[in-house]
Amino acid sequence: VAMKLSGYRNLKMFFIPFFGAAVSGRSYNIPGWKKAVVSLAGPVPGILFGTVLGIAGMALKITWMINAAVLCLILNGMNLLPLLPLDGGRVVQELFFARHYAFDVAFRVLTASIAAALAVLFGDWFFGFLGFLTAIGIPTALRSGRIVQALRKEGVQCDSEIDDIPKELAVRI
């Protein structure tokens, strides 16, 4: 719903039982703050649901509800960590580092390094996996950022409302 309201197109959703959903879509000329809101649209409702479930479980003294609430709060809370590719990392990236490719790449290197350090510190594969996922995207972010910067210097503009890149622009890229 947040993606649709923010102007994303070609939306696709894949439900993951007991964890939520993975949603993808195209975002042309979407402001960073809207992308941040979209990133928060997953974990924030999960935290609210976990809180309500936990309060109900404590009031009714139902252990499974309390356990489910704790799990829900932990999973959604971890998703808000400011590490890529988690939603918290996407929020930080869009709000502070996405305007220039050098800042974006530096943020990716920093988050990959932090995730690797946490993996070593806690001996946890989860953080190592996050660091790996972030690290493998660094070269692509660097290359595409350089291409975008070079095209902007040349004054190349593309209509963001089209689905296909014009042939002349594709050749230049």
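The values are calculated or read from the model by the stated rules, or taken from the named source; none is laboratory data. Since we're looking at a predicted model, the values are computed, not measured. Neighbour counts are summed over all protein chains in view; Cβ atoms, including those assigned to glycine, are modelled from backbone coordinates with ideal geometry. For the accessible areas, the whole protein counts, side chains as well, though only heavy atoms, and no ligand, DNA or RNA atoms are used. Shrake-Rupley method; radii C 1.70, N 1.55, O 1.52, S 1.80 Å.
Starting from residues that are β-branched (Val, Ile, Thr) and within 22 Å of TRP33 (Cβ to Cβ), keep the ones in the range 103-112 and report whichever is most open to solvent (accessible area, probe 1.4 Å).
VAL105
Can you find even one residue in the range 83-94 that is closer than 24 Å to ALA22 by Cα, touching a residue at least 60 places away in the same chain (Cβ under 8 Å) and assigned to a helix (DSSP H, G or I)?
Yes, that holds for at least one residue.
Would you check which residues across the range 36-73 are closer than 12 Å to VAL91 by Cα, assigned to a helix (DSSP H, G or I) and open to solvent by less than 50 Å² (accessible area, probe 1.4 Å) and list them?
Across the range 36-73, the qualifying residues are ALA36, VAL38, SER39, PRO43.
Scan the range 74-83 for residues that are touching a Gly at 6+ places or on another chain (Cβ under 8 Å), of a type in the set (A, V, I, L, M) and either over 30 Å from GLY145 (Cβ atoms) or open to solvent by 30 Å² or more (accessible area, probe 1.4 Å) (or both) and jot them down.
Across the range 74-83, the qualifying residues are LEU75, LEU80, LEU81.
Let's see how each residue does on (1) on the phi < 0 side of the Ramachandran plot; (2) open to solvent by 40 Å² or more (accessible area, probe 1.4 Å); (3) at pLDDT below 90:
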{"position": "PRO85", "(1), (2), (3)": "yes, yes, yes"}
{"position": "GLN93", "(1), (2), (3)": "yes, no, no"}
{"position": "TYR101", "(1), (2), (3)": "yes, yes, yes"}
{"position": "ILE114", "(1), (2), (3)": "yes, yes, no"}
{"position": "VAL120", "(1), (2), (3)": "yes, yes, no"}
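Taking the range 7-31 only, how many residues are in contact with a strand residue (DSSP E or B) (Cβ under 9 Å, 6 or more places away or on another chain), under 19 Å from ALA98 (Cα atoms) and at pLDDT 75 or above?
4
If I filter the range 138-173 down to residues being more than 21 Å from ILE30 (Cα to Cα) and open to solvent by 100 Å² or more (accessible area, probe 1.4 Å), which single residue comes out as modelled with the lowest pLDDT?
ARG172
Looking for something in a helix (DSSP H, G or I), over 22 Å from ASN29 (Cα atoms) and more than 23 Å from the chain's Cα centre (by Cα) - is there at least one such residue anywhere in the range 122-129?
Looking only at the range 122-129, we keep the residues that are in a helix (DSSP H, G or I), and these are 122, 125-129.
Checking which are over 22 Å from ASN29 (Cα atoms) leaves us with 122, 125-129.
Applying the additional criterion that residues be more than 23 Å from the chain's Cα centre (by Cα) yields 122.
Looking for residues that are in a helix (DSSP H, G or I), over 22 Å from ASN29 (Cα atoms) and more than 23 Å from the chain's Cα centre (by Cα), one finds at least one in the range 122-129, hence yes.
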